[in-house]
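The values are calculated or read from the model by the stated rules, or taken from the named source; none is laboratory data. In this text, all values refer to a predicted model and were calculated from it rather than measured experimentally. Methodologically, a virtual Cβ is constructed for each residue, glycine included, from the backbone with ideal geometry; neighbour enumeration extends over all protein chains shown.
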Amino acid sequence: MAKLSQKQIRDLALEIVRRHAGGIRYGELARSIETQHPETPRNTIQGSIWNLDAILPNDVAKPSRGLFMPLAPLPAPGDETARPKVREQDFYEPFAEWLKNDLDEVTDVVALGGAVLKGKWGTPDVLGVYKPLASNLIKFPLEIVSAEVKTDPGQPVVAFGQAVAYRLFSAKTYIAMPAATTEEDKDRLEALCTLFGVGLVLFDLDPKTPQFSIRMRAQRFSPDMFYVNELADRLRLADPDTFEILFR
């Protein structure tokens, strides 16, 4: 096959970008063209698309670094309404298990959610503690780890606000968002999580195989002990069994 011209490369790039309503990374776009047309030199491809948004301003936007987004995306194939609905609470237990067994961030954890704590500042969807075991020679203070799980890709700001609120009583906080969240929202959410030390996890909207993946680990902070004790007291009154699991 003959090498593509710059115009042909840009036409193909635009077609690929339009297939990605949530945006596509520059590197991924370049690799896609290279795979389809290996006879075209990599430098020619990269030199033709690096400023695609400036060359095609009516078709392509660049909302964040290295991300191309279509201004008029192609309609997705199939009937979107036919997709099965998933409930947010279906992911609480799987995430709790992943937080303990895969990420090793907690020694005990429960799926909480709902309005168990009956406070206007909300209830974490997943609440865990990292505490010393009997086998630990050197003991350390108990740490609370909280997580907010969202199945709606359009709620990153809500998830972030709730996770930051949990910092009042948590040493670490996490946000779990669908992998289907747009690349622009992932970028902005990751930037906010970096500034505030919140952990970020992505997952597939399949309760049986959510495939949790860590995008950023949470940083450790010192919570306000007044709110730590307030949380413990509210949990003891609302759900004594859960309190015993976590704090005894």
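Check Ala54, Ala30, Ala76 and return the single one that is at pLDDT 90 or above, among the small types (Gly, Ala, Ser), surrounded by fewer than 17 Cβ atoms within 10 Å (Cβ to Cβ) and not assigned by TED's automatic domain parsing to the domain that holds Lys208.
Details: Ala30 fails: surrounded by fewer than 17 Cβ atoms within 10 Å (Cβ to Cβ); Ala76 fails: at pLDDT 90 or above.
After applying the criteria, what remains is Ala54.
Suppose we filter Lys62, Lys85 for residues that are closer than 27 Å to Lys150 by Cα and touching a Phe, Trp or Tyr at 6+ places or on another chain (Cβ under 7 Å); which single one remains?
Numbers: Lys85 fails: touching a Phe, Trp or Tyr at 6+ places or on another chain (Cβ under 7 Å).
Testing whether each residue is closer than 27 Å to Lys150 by Cα and touching a Phe, Trp or Tyr at 6+ places or on another chain (Cβ under 7 Å) leaves just Lys62.
Could you give me the residue pairs with C-beta distances under 9 Å whose first residue belongs to the range 104-118 and is at positive phi, whose second residue is at pLDDT 80 or above and part of a loop (DSSP other than H, G, I, E, B) wherever it lies, and which are 6+ apart or on separate chains?
Final answer for the pair search is Gly113/Thr123; Gly113/Pro124; Gly113/Asp125; Gly114/Thr123; Gly114/Asp125.
Taking the range 117-174 as the search range and keeping residues that are among the small types (Gly, Ala, Ser) and over 15 Å from the mean Cα position of the chain (by Cα), which one is modelled with the lowest pLDDT? Walk me through it before giving the result.
Initial filter on the range 117-174 (among the small types (Gly, Ala, Ser)): 119, 122, 128, 134-135, 146-147, 154, 159, 161, 163, 165, 170-171.
Still in the list and also over 15 Å from the mean Cα position of the chain (by Cα): 119, 122, 128, 134-135, 165, 170-171.
Numbers: Gly119: 69, Gly122: 77, Gly128: 97, Ala134: 84, Ser135: 89, Ala165: 95, Ser170: 97, Ala171: 97.
Applying the filter and picking the extreme gives Gly119.
If I ask for residues that are farther than 12 Å from Ala163 by Cβ and under 9 Å from the mean Cα position of the chain (by Cα), which ones from the range 186-211 would you list? Break it down stepwise before answering.
Step one: list which residues in the range 186-211 are farther than 12 Å from Ala163 by Cβ, which gives 186-188, 190-191, 194-195, 202-211.
Selection gives Lys186, Glu190, Leu202, Phe203.
Quick check, is Glu105 loosely packed, with under 10 Cβ neighbours inside 10 Å and either over 30 Å from Lys7 (Cα atoms) or modelled with pLDDT under 90 (or both)? Show your work before the answer.
Numbers: loosely packed, with under 10 Cβ neighbours inside 10 Å: no; either over 30 Å from Lys7 (Cα atoms) or modelled with pLDDT under 90 (or both): yes.
So Glu105 does not fit the description; no.
Looking at (1) touching an Asp or Glu at 6+ places or on another chain (Cβ under 7 Å); (2) surrounded by 16 or more Cβ atoms within 10 Å (Cβ to Cβ); (3) farther than 23 Å from Ile175 by Cα; (4) modelled with pLDDT of 90 or more, find the lone condition where Lys62 falls short.
Of the numbered conditions (1) touching an Asp or Glu at 6+ places or on another chain (Cβ under 7 Å); (2) surrounded by 16 or more Cβ atoms within 10 Å (Cβ to Cβ); (3) farther than 23 Å from Ile175 by Cα; (4) modelled with pLDDT of 90 or more, the odd one out for Lys62 is (4).
Scan the range 56-68 and report the pairs whose first residue is closer than 16 Å to Lys7 by Cβ and whose second residue is surrounded by fewer than 16 Cβ atoms within 10 Å (Cβ to Cβ) and modelled with pLDDT under 85, with Cβ atoms within less than 8 Å and a gap of 6+ or a chain change.
So the pair list comes out as Asp59/Ala72.
Provide a single number: the residues in the range 178-200 that are farther than 27 Å from Met225 by Cβ, touching a residue at least 24 places away in the same chain (Cβ under 8 Å), hydrophobic (A, V, I, L, M, F, W, C) and in contact with a Ser or Thr (Cβ under 9 Å, 6 or more places away or on another chain). Walk me through how you get there before you give the answer.
At the first step, the residues of the range 178-200 found to be farther than 27 Å from Met225 by Cβ are 178-191.
Imposing the further condition that a residue be touching a residue at least 24 places away in the same chain (Cβ under 8 Å) reduces the set to 178-190.
Remaining after also requiring hydrophobic (A, V, I, L, M, F, W, C): 179-180, 189.
This time we only want the ones that are in contact with a Ser or Thr (Cβ under 9 Å, 6 or more places away or on another chain), so: 179, 189.
The total comes to 2.
Can you tell which of Thr182, Thr173, Thr242 is out of contact with any Lys or Arg (no Cβ under 7 Å at 6 or more places or on another chain), over 22 Å from Ala21 (Cα atoms) and either among the polar types (S, T, N, Q) or in the same structural domain as His20 (by TED's automatic domain parsing) (or both)? Lay out the reasoning, then the answer.
Details: Thr182 fails: over 22 Å from Ala21 (Cα atoms); Thr173 fails: out of contact with any Lys or Arg (no Cβ under 7 Å at 6 or more places or on another chain).
Among Thr182, Thr173, Thr242, only Thr242 is out of contact with any Lys or Arg (no Cβ under 7 Å at 6 or more places or on another chain), over 22 Å from Ala21 (Cα atoms) and either among the polar types (S, T, N, Q) or in the same structural domain as His20 (by TED's automatic domain parsing) (or both).
Going by the structure shown, is Lys3 basic (Lys, Arg), out of contact with any Pro (no Cβ under 8 Å at 6 or more places or on another chain) and either crowded, with 20+ Cβ neighbours inside 10 Å or more than 20 Å from Leu67 (Cβ to Cβ) (or both)?
Details: basic (Lys, Arg): yes; out of contact with any Pro (no Cβ under 8 Å at 6 or more places or on another chain): no; either crowded, with 20+ Cβ neighbours inside 10 Å or more than 20 Å from Leu67 (Cβ to Cβ) (or both): yes.
Taking the combined requirement at face value, the residue does not satisfy it.
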